[in-house]
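Participant: First the structure, which I've put down as structure tokens, then a few questions once you've had a look.
Values in this text are rule-based calculations from the coordinates and carry no lab data. Only a predicted model underlies this, so the values are computations on that prediction, with no experimental measurement involved. All Cβ positions, even for glycine, are placed from backbone atoms using ideal geometry, and neighbour counts span all protein chains on display.
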Amino acid sequence: MSEGQVRIEEKILNEIKQMFGELTSNVTLHMFTNKNHCLLCNETLSLAEQVANQSDKINLEHCECSLDNEKAKKWKIERHPAIVVEGLGKGVIRFYGIPSGYEFGSLIESIIMAGTDRPSDLDPEIIAEIQEIEKSVHLQVFVTPTCPYCPRAVLNAFKFAMLNENITADMVEATEFQELSMKYQIQGVPKTVINDKWNVVGAVPESMLLSKVKEAIT
């Protein structure tokens, strides 16, 4: 195996392939790397390629480019590596940093969410309130690969973005982006930063996250 490559076990790839059998719509993974300004770009790209190969409904588009590239600007990419999951969702779902460890599951689940027409498992009242949000919301969920509670916080944020075009949700790997972690005083994970000023600590219920979002935009 060459430097910068990661290898997913064959057993796990077979399980992923079966899970991707649920996909009813195409999903595009927009992968952004920059070899000059990136800690784990090669590893993240290698992981994304193996995942994308498990279904013909998944298309991987790789952009080895700077942040001022037109495509990077389109998706408002602010750092590398980044993965945008584009599918049936209305808002934007992004991964900043390698989705490894427990967050590998978040990547798989986000692809399934983006490529299926099944209804969200959120409470109908919460869904309705999320869909009514008219102001811009940016959710940044700080995680580490070894945190077992982080995927729940990430996927809750992603569900919000799936339902509303005004919502952007990011997974941010805290150890890869230490300056950003220091900026938002990340001392424990998961921590969700809302519109740069409000925050939620822990994998809180969807209703509590919604309440904090509504406070942030009021």
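Participant: Please give the helices (runs of 4 or more DSSP H) falling wholly within the stretch 86-204 in which 2 or more residues are of a type outside the set (Phe, Trp, Tyr) and within 15 Å of the chain's Cα centre (by Cα).
Facilitator: Passing ranges, in order: 103-114, 150-163.
Participant: For the stretch 118-154, name all the residues that are closer than 23 Å to LEU23 by Cβ and buried (at least 23 other Cβ atoms within 10 Å of the Cβ).
Facilitator: PRO151, VAL154
Participant: Within the stretch 86-97, is there a residue that is more than 26 Å from PRO119 (Cβ to Cβ) and among the hydrophobic types (A, V, I, L, M, F, W, C)?
Facilitator: The answer is no, given that none of the residues of the stretch 86-97 is more than 26 Å from PRO119 (Cβ to Cβ) and among the hydrophobic types (A, V, I, L, M, F, W, C).
Participant: Moving to a separate point now. Of the residues VAL137, VAL141, only one is under 15 Å from VAL189 (Cα atoms), touching a residue at least 40 places away in the same chain (Cβ under 8 Å) and of a type in the set (A, V, I, L, M); which?
Facilitator: Being under 15 Å from VAL189 (Cα atoms), touching a residue at least 40 places away in the same chain (Cβ under 8 Å) and of a type in the set (A, V, I, L, M) holds for just one of VAL137, VAL141, which is VAL141.
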